[in-house]
Amino acid sequence: MKLIQGNEAISEGALAAGMKFYSGYPITPASEIMHYLAKAKQIQFINSEDEIAAINMAIGASLAGVKAMTATSGPGMSLMQEGIGYAHMAEVPLVVVNVQRVGPGTGMPTMPAQGDVMQVKYGSHGDYFPICFYPSTVSECYKYTIEAFNAAEESLSPVILLCDGYVGHLYETVKLSETKFELKTRAKKKLGEGLGHTTSLLNKNGVPNTKDPSLYEEYLERAKKKMHDAAEKYKFYEYTKNENTRDLIIAYGICARVASAFTDKYSLFKPVRMFPILSEEIEKAAKEHDRIIVIEMNAGQYSRMIQSVAKKTVHTISVLGGTIKPSKVKQALDALKQQPRS
Amino acid sequence: MVDMTCREFLEYVDLDRERIWCPGCTIGLMFKQIAKAMTELRIEKKDVVAVSGIGCTGRTAGYCSFDSVHTLHGRAIAVSEGIKLANSNLKVLVISGDGDLIGIGGNHLLHAARRNTNITVICNNNEIYGLTGGQVSPETQTGVETITTPYGNPYPQINVLGVLKSNKKFFYARSTPMHLEHLKNVVKKAIAWDGFAFVEVKSYCIENSGRRQGFKNSYDMLQTLKKYKIVGEKDDLNEDEIGIAKREG
């Protein structure tokens, strides 16, 4: 047993997954990950000049054949978005951790938030289908970092591990050795082994072709199917059904921890795989309830997506400004009781 | 004597790919000298990786017959540093243009040079953003008309040698596609250098810069490179000199 922080558990998870390269740039509240990994002698570690370098160095290391990771928060994530799109197009497996804080802009640097949900899904340009996991406990930070590496190798894409400043800085007593996992190894050749030409231009077997619309359509179908098939193997969520209620709370990250205090009166659905969204599972849970409530630390980013898959009206409890008080959440839940059921 | 019939260098070139380079462009001449330098150094294809960014020169990686990476705009050096840290046995050749390496990628150049990462950067400095139609670059000469400086470029060129020289240890070479044997030799020395090596290949772009400056053809532009004098290895190079400036550190 040891007392560690979410960010440290993420670092431990990366090491357990066989990560051999870390590049990152300091940013609150993600910096503890690089502080921890800087001491790890079994990996190549670099504190890069900026987040753009961090993501591109990780891409280079991954192409050279090692498991690579970078971690940041919202502003750094924005700088990494072009690189993330590159890694999707060029099929580069890696893990990008985003420990969220309040934005936009410099926002509230030390205050936790969940404002990058949309950014994770749609932040890079063009169409792509990212896989994203969101742990809500310290031991989950460990487990899902490992699974993020597995999903990255499975899908040959950059997998996002989303976290919030609360979970990242949360200290819990954990027994990491109890976590069971298997590791997925690299299925792709590495540089020097005849990998050929890697480009993020639309290409066929490394030969760019940027004029043929049918080739793009073919590519996008293939990418969509590849990401869907890979994600199917990582359907992580927790569904605590309360038979005595018709009210369902959907919450993730720190909000799921807060919501777990109300399971005596509510059912709780906690998605861990945020993207691709667990449409079937959410729709099924929504069908079993009349009132769907999403608690999140933003103005309703995931709520809108849930509404489209739940096919029901979704009420949002927005917890804003970087603090989350169970009493305030309870107040909001009580107020919703006055609303008509759908 | 130079063996003009030597075709061995073609081993490093993928001849099946269609080139995007315009008639009169010198990137092909530079690429040939890089391949020749590799031939003479007997570099095995499994031991080397070419990395390019975006731009006309950025397409070079795609024409190599060994493993290569075409990165995002400006990120060739960052990707190369990741490759080198992950596998120090690989020789990494960055081949890209001035806009890519010195403009948008300037921060990575600054820091890779400071860290003295053991990679070879070959910069085709044609003093323009050619692929995008001829916009001003940090290497465009003062007063030159480009599509984004229609009244003449108000700013001076960046001094890359000066930037590199600010480090304790550095390797900087300058050559041109008019001095082919010289170009090949400095590339060989740059590849053999233990540490960060930068080769600046002073060239030009007839299609998207030269014609706006009143040049009639590529040959006339090539003549402008005659001004350079070969000086060998020194501590510093004057503007009109080509050679090597280095410090062991």
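The values are calculated or read from the model by the stated rules, or taken from the named source; none is laboratory data. Bear in mind that the values here come from a model prediction, so they are computed numbers and not experimental data. A quick note on method: Cβ atoms are made from the backbone with ideal geometry, for glycine too, and the neighbour counts reach across all protein chains shown. Each accessible area value is taken on the protein alone, full model and side chains, heavy atoms only, with ligands, DNA and RNA left out. Shrake-Rupley method; radii C 1.70, N 1.55, O 1.52, S 1.80 Å.
Looking at B:77, B:83, B:122, can you tell me which residue is without any contact (Cβ under 8 Å) to a residue 40 or more places away in the chain and open to solvent by less than 10 Å² (accessible area, probe 1.4 Å)? Write out each step before concluding.
Details: B:77 fails: without any contact (Cβ under 8 Å) to a residue 40 or more places away in the chain; B:122 fails: without any contact (Cβ under 8 Å) to a residue 40 or more places away in the chain.
None of the other options fit; the residue is B:83.
Given the conditions (1) within 19 Å of residue B:98 (Cα to Cα); (2) within 18 Å of the chain's Cα centre (by Cα), report the number of the one that residue B:185 does not fulfil.
Every condition holds for residue B:185 apart from (1).
Inspect the stretch A:185-192 for any residue being more than 14 Å from every other protein chain (Cβ to nearest Cβ), of a type in the set (A, V, I, L, M, F, W, C) and without any contact (Cβ under 8 Å) to a residue 60 or more places away in the chain and give the result as yes or no. Spell out how you get there, then give the answer.
Going residue by residue through the stretch A:185-192, those that are more than 14 Å from every other protein chain (Cβ to nearest Cβ) are A:185, A:187.
Checking the rest, the ones that are also of a type in the set (A, V, I, L, M, F, W, C) come to A:187.
In the following step, the residues that additionally are without any contact (Cβ under 8 Å) to a residue 60 or more places away in the chain were identified as A:187.
Checked the stretch A:185-192: at least one residue is more than 14 Å from every other protein chain (Cβ to nearest Cβ), of a type in the set (A, V, I, L, M, F, W, C) and without any contact (Cβ under 8 Å) to a residue 60 or more places away in the chain.
With respect to residue B:122, determine if the residue is within 17 Å of residue B:50 (Cβ to Cβ) and away from chain A (no Cβ under 14 Å). Working first, answer last.
Values: within 17 Å of residue B:50 (Cβ to Cβ): yes; away from chain A (no Cβ under 14 Å): yes.
The answer is yes for residue B:122.
Can you tell me which residue is surrounded by the most Cβ atoms within 10 Å (Cβ to Cβ) among those in the stretch A:7-37 that are within 14 Å of another protein chain (Cβ to nearest Cβ) and not aromatic (Phe, Trp, Tyr)? Step through it out loud before you land on a result.
Just the residues of the stretch A:7-37 that are within 14 Å of another protein chain (Cβ to nearest Cβ), to begin with: A:18-25, A:37.
Adding the requirement that they be not aromatic (Phe, Trp, Tyr) leaves A:18-20, A:23-24, A:37.
Details: A:18: 17, A:19: 25, A:20: 21, A:23: 30, A:24: 28, A:37: 23.
Among those that are within 14 Å of another protein chain (Cβ to nearest Cβ) and not aromatic (Phe, Trp, Tyr), it is A:23.
Tell me which residues, restricted to the stretch B:85-97, are within 13 Å of residue A:20 (Cα to Cα) and not polar (S, T, N, Q). Before the answer, list the steps.
In the first step, residues of the stretch B:85-97 are kept if they are within 13 Å of residue A:20 (Cα to Cα); the result is B:85-87.
Those that are within 13 Å of residue A:20 (Cα to Cα) and not polar (S, T, N, Q): B:85, B:86.
State all residues of the stretch B:83-140 that are assigned to a strand (DSSP E or B) and not aliphatic (A, V, I, L, M); if no residue qualifies, say none. Before the answer, list the steps.
Taking the stretch B:83-140 as the starting set, the residues that turn out to be assigned to a strand (DSSP E or B) are B:91-97, B:120-125, B:129, B:135.
If the condition is that a residue be assigned to a strand (DSSP E or B) and not aliphatic (A, V, I, L, M), then B:91, B:96, B:97, B:120, B:123, B:124, B:125, B:129, B:135 are the ones that fit.
Looking for something within 14 Å of another protein chain (Cβ to nearest Cβ) and touching a residue at least 40 places away in the same chain (Cβ under 8 Å) - is there at least one such residue anywhere in the stretch B:65-73?
Residues of the stretch B:65-73 within 14 Å of another protein chain (Cβ to nearest Cβ): B:65-73.
Checking which are touching a residue at least 40 places away in the same chain (Cβ under 8 Å) leaves us with B:65-66.
Yes, the stretch B:65-73 contains at least one residue that is within 14 Å of another protein chain (Cβ to nearest Cβ) and touching a residue at least 40 places away in the same chain (Cβ under 8 Å).
Does residue B:146 fit the bill of being surrounded by 24 or more Cβ atoms within 10 Å (Cβ to Cβ) and in contact with a strand residue (DSSP E or B) (Cβ under 8 Å, 6 or more places away or on another chain)? Break it down stepwise before answering.
Numbers: surrounded by 24 or more Cβ atoms within 10 Å (Cβ to Cβ): no; in contact with a strand residue (DSSP E or B) (Cβ under 8 Å, 6 or more places away or on another chain): yes.
In short, no.
Run down B:188, B:226 and say which single residue is open to solvent by 30 Å² or more (accessible area, probe 1.4 Å), of a type in the set (Lys, Arg), assigned to a helix (DSSP H, G or I) and closer than 30 Å to residue B:115 by Cβ.
Values: B:226 fails: closer than 30 Å to residue B:115 by Cβ.
Among B:188, B:226, only B:188 is open to solvent by 30 Å² or more (accessible area, probe 1.4 Å), of a type in the set (Lys, Arg), assigned to a helix (DSSP H, G or I) and closer than 30 Å to residue B:115 by Cβ.
Would you point out the residue of the stretch B:19-64, among those that are in a loop (DSSP other than H, G, I, E, B) and in contact with a strand residue (DSSP E or B) (Cβ under 6 Å, 6 or more places away or on another chain), that is farthest from residue A:87 (Cα to Cα)?
Within the stretch B:19-64, the subset in a loop (DSSP other than H, G, I, E, B) is B:19-26, B:41-44, B:53-56.
So of that shortlist, the ones also in contact with a strand residue (DSSP E or B) (Cβ under 6 Å, 6 or more places away or on another chain) come out as B:53, B:55.
Values: B:53: 15, B:55: 19 Å.
Step by step, filter the stretch B:19-64, then rank; the result is B:55.
Return a yes/no flag: does the stretch B:49-57 have any residue that is open to solvent by 20 Å² or more (accessible area, probe 1.4 Å), within 11 Å of chain A (Cβ to nearest Cβ) and at pLDDT 95 or above. Steps first, please.
The first filter runs over the stretch B:49-57 and keeps only residues open to solvent by 20 Å² or more (accessible area, probe 1.4 Å), leaving B:54, B:56.
From what is left, the residues that are within 11 Å of chain A (Cβ to nearest Cβ) are B:54.
This time we only want the ones that are at pLDDT 95 or above, so: B:54.
Yes, that holds for at least one residue.
Which one of the conditions (1) under 19 Å from residue A:318 (Cα atoms); (2) surrounded by fewer than 19 Cβ atoms within 10 Å (Cβ to Cβ) does residue A:249 fail to meet, given that it meets all the rest?
Only one criterion in (1) under 19 Å from residue A:318 (Cα atoms); (2) surrounded by fewer than 19 Cβ atoms within 10 Å (Cβ to Cβ) is unmet by residue A:249, namely (2).
Take residues that are under 16 Å from residue A:333 (Cα atoms), among the charged types (D, E, K, R) and at pLDDT 95 or above and tell me which of the strands (runs of 3 or more DSSP E) falling wholly in the stretch A:220-322 contain 2 or more.
Working: elements: A:237-240, A:247-251, A:267-271, A:273-275, A:291-296, A:314-318.
Counting at least 2 such residues, we get A:291-296.
Taking the stretch B:3-48, which residues are open to solvent by less than 60 Å² (accessible area, probe 1.4 Å) and of a type in the set (A, V, I, L, M)?
Within the stretch B:3-48, B:10, B:13, B:27, B:30, B:34, B:35, B:37, B:38, B:43, B:48 meet the criteria.
Could you tell me which residue of the stretch A:46-75 is nearest to the other protein chains (Cβ to nearest Cβ), considering only residues that are out of contact with any strand residue (DSSP E or B) (no Cβ under 8 Å at 6 or more places or on another chain) and surrounded by fewer than 24 Cβ atoms within 10 Å (Cβ to Cβ)?
A:49
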